[in-house]
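These notes concern the structure reproduced below.
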């Protein structure tokens with residue numbers, strides 16, 4: 001048997017590893033369906049509420065070649081049209097619950113089940129009220145705007161920052177997904193939150209599936225979900241990112257996007 005890595009459940013949620021295993025299997029299946037050979041996904045050997053045993057990855061430094069393989073492969077996976085937006089079961093984004101449902105409106109799903117849910121978790125009542133006011137005033141316009149600028153549902157990794165991509169001698173590997181189906185630019189937006197994935201990644205992605213002309217505004221709005229999650233988990237250091245995201249929503253609501 002190949003070397004394996006044993007991950008223990010330290011989240012406090014009984015089904016966290018089971019959801020992670022499901023996400024890995026769906027990613028592997030979608031990459032295979034898209035004909036992507038260069039991106040690895042750890043094989044799930046066994047999983048229960050306490051432990052997840054997966055393929056061990058010997059990580060090395062990222063090269064431009066590996067980043068380009070990742071960009072091209074993700075673009076091909078994102079190009080696959082999924083049946084609907086959302087997901088069939090709740091899962092987790094990092095250490096937080098991620099509620100899901102199936103929905104035929106991307107904008108409705110993102111505004112309610114991503115932004116609205118995270119706002120409801122804000123502990124500071126005044127801050128929560130200010131955030132909710134923006135959603136109440138501009139949520140309907142934002143819903144329509146997101147729908148107008150989303151081509152189709154794509155399978156998303158869902159938590160695509162640098163720490164969830166490993167680079168082995170054989171190329172890039174995806175780990176720790178928070179999968180659901182949504183606008184593929186939500187995945188690309190998150191790659192830019194903590195330093196970016198490098199020019200080779202974005203060039204290779206764009207050669208297969210160019211970003212939309214409103215990607216810059218969408219990036220601020222999509223990353224608001226993750227800034228809110230980090231704010232709720234870790235505190236005020238992420239408040240500025242939240243405020244930038246809500247300012248982008250206000251701009252859309254006032255027709256300035």
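The values are calculated or read from the model by the stated rules, or taken from the named source; none is laboratory data. None of these values were measured; they are calculated from a predicted model. Virtual Cβ from ideal backbone geometry, glycine too; neighbours counted across all protein chains shown.
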Practice task
List every residue pair whose Cβ atoms sit under 9 Å apart, with the two residues 6 or more apart in sequence or on different chains, where the first one lies in region 209-231 and is outside any helix (DSSP H, G or I) and the second, anywhere, is at pLDDT below 95 and buried (at least 17 other Cβ atoms within 10 Å of the Cβ).
Solution key: 214/257
Exercise for the section: Look at residue 130 and say whether it is farther than 30 Å from residue 62 by Cα, under 20 Å from the mean Cα position of the chain (by Cα) and in a helix (DSSP H, G or I). Expected result: no
Problem - Restricting region 100-110 to residues that are part of a loop (DSSP other than H, G, I, E, B) and surrounded by 15 or more Cβ atoms within 10 Å (Cβ to Cβ), the residue that is nearest to the chain's Cα centre (by Cα) - result: 100
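Yes/no matrix, rows are residues, columns are (1) surrounded by 19 or more Cβ atoms within 10 Å (Cβ to Cβ); (2) modelled with pLDDT of 95 or more; (3) on the phi > 0 side of the Ramachandran plot:
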| position | (1), (2), (3) |
| --- | --- |
| 2 | no, no, no |
| 8 | no, yes, no |
| 15 | no, yes, no |
| 20 | yes, yes, no |
| 23 | yes, yes, no |
| 45 | no, yes, no |
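Taking only region 140-150 into account, find how many residues are touching a residue at least 40 places away in the same chain (Cβ under 8 Å) and either over 30 Å from residue 39 (Cβ atoms) or in a loop (DSSP other than H, G, I, E, B) (or both).
So the answer is 5.
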Practice task
Output the qualifying pairs, or none if there are none: Cβ atoms under 6 angstrom, residues six or more apart or on different chains, first residue in region 78-101 and on the phi > 0 side of the Ramachandran plot, second residue surrounded by fewer than 20 Cβ atoms within 10 Å (Cβ to Cβ) and not in a loop (DSSP other than H, G, I, E, B).
Solution key: 86/102; 86/103
Handout entry: Long-range neighbours under 9 Å by Cβ, at least six apart or interchain, first residue at positive phi and loosely packed, with under 11 Cβ neighbours inside 10 Å within region 236-257, second assigned to a helix (DSSP H, G or I) and at pLDDT 95 or above
Key = 255/141
Problem - Unmet requirement for residue 160, which otherwise passes all of (1) over 17 Å from the mean Cα position of the chain (by Cα); (2) closer than 27 Å to residue 89 by Cα - result: (1)
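Can you find even one residue in region 181-194 that is modelled with pLDDT of 95 or more, surrounded by fewer than 20 Cβ atoms within 10 Å (Cβ to Cβ), touching a helix residue (DSSP H, G or I) at 6+ places or on another chain (Cβ under 8 Å) and more than 15 Å from residue 111 (Cα to Cα)?
yes
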Problem - Candidate set from region 111-126 (those that are in a helix (DSSP H, G or I) and in contact (Cβ under 8 Å) with a residue 40 or more places away in the chain); member that is farthest from the chain's Cα centre (by Cα) - result: 119
Handout entry: Extreme residue, surrounded by the fewest Cβ atoms within 10 Å (Cβ to Cβ), among residues of region 155-166 that are more than 10 Å from residue 187 (Cβ to Cβ) and in contact with a strand residue (DSSP E or B) (Cβ under 6 Å, 6 or more places away or on another chain)
Key = 166
